[in-house]
Amino acid sequence: QVQVVESGGGLVQPGGSLKLSCVVSGIIFRIYDMGWYRQAPGQQRELVARILVNGFTQYYGSVKGRATISRDNAKNTVYLQMDTMKPDDTAVYFCNAPQITLPWGQGTQVTVSS
């Protein structure tokens, strides 16, 4: 059974940092590209970062230069380090495998506010 569990969200002040984690079970994790997505209130879910199986990373939109995606295949875990956070980063953050679209987890809420 495939399970996706995100964690690490919370309340952070503008300019602060957070590191999100996502553990995936039920798949051969190391053979899939992984991505972090976010969905802000009233908005569509969007892909913000992707890491390929070879470790190559891609970033999208406003997180470029402020986000670092990484993975630990031994732990079936993908991470997203977010720095210099802005109120517009407020969203529920999800991870998934872009090539196969796993069942979505519940996500982790990130709120950037003073």
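Just one of the numbered conditions (1) open to solvent by 30 Å² or more (accessible area, probe 1.4 Å); (2) at pLDDT 95 or above is not true of Q99; which one? Result: Q99 passes all but (2). In summary, A49 fulfils each of the numbered conditions (1) more than 19 Å from V5 (Cα to Cα); (2) touching a helix residue (DSSP H, G or I) at 6+ places or on another chain (Cβ under 8 Å); (3) surrounded by 17 or more Cβ atoms within 10 Å (Cβ to Cβ); (4) aliphatic (A, V, I, L, M) with the single exception of condition (1).
A single member of V78, V112 is of a type in the set (A, V, I, L, M) and closer than 18 Å to V5 by Cβ, and it is V78. Being at pLDDT 95 or above, within 20 Å of V2 (Cα to Cα), out of contact with any Cys (no Cβ under 7 Å at 6 or more places or on another chain) and assigned to a loop (DSSP other than H, G, I, E, B) is not true of Q44. Scanning the range 102-114 for residues that are closer than 19 Å to Y59 by Cβ and open to solvent by 80 Å² or more (accessible area, probe 1.4 Å) yields a total of 0. Look through the range 16-45, keep the residues that are open to solvent by less than 50 Å² (accessible area, probe 1.4 Å) and of a type in the set (G, A, S), and return whichever of them is farthest from M82 (Cα to Cα). In this case the residue turns out to be S25.
Evaluate the range 75-96: report whether one residue or more is farther than 20 Å from G10 by Cα and exposed (fewer than 14 other Cβ atoms within 10 Å of the Cβ). Among the residues of the range 75-96, at least one is farther than 20 Å from G10 by Cα and exposed (fewer than 14 other Cβ atoms within 10 Å of the Cβ), which makes the answer yes. For Q109, the requirement of being within 20 Å of D33 (Cβ to Cβ), part of a strand (DSSP E or B) and polar (S, T, N, Q) is not met. For the range 58-67, filtered to residues that are out of contact with any Ser or Thr (no Cβ under 8 Å at 6 or more places or on another chain) and surrounded by 14 or more Cβ atoms within 10 Å (Cβ to Cβ), the residue that is nearest to L20 (Cα to Cα) is A67. Applying the set (1) open to solvent by less than 50 Å² (accessible area, probe 1.4 Å); (2) outside any strand (DSSP E or B); (3) farther than 17 Å from D33 by Cβ to G55 leaves exactly one unmet item: (3). In the range 39-62, the residues that are under 19 Å from G9 (Cα atoms) reach residues that are open to solvent by 60 Å² or more (accessible area, probe 1.4 Å) and of a type in the set (D, E, K, R) with C-beta atoms within less than 6 angstrom, at least six apart or across chains, in these pairs: Q39/R45. Restricting the search to the range 1-15, which residues are assigned to a strand (DSSP E or B), open to solvent by 40 Å² or more (accessible area, probe 1.4 Å) and over 21 Å from Q99 (Cβ atoms)? Within the range 1-15, S7, L11 qualify.
The values are calculated or read from the model by the stated rules, or taken from the named source; none is laboratory data. Because the structure is predicted, anything quoted here is derived from the model rather than measured. Cβ: placed from backbone, ideal geometry, glycine included. Neighbour counts: every protein chain shown. Only protein heavy atoms, including side chains, enter the accessible area calculation; ligands, DNA and RNA are left aside. Shrake-Rupley method; radii C 1.70, N 1.55, O 1.52, S 1.80 Å.
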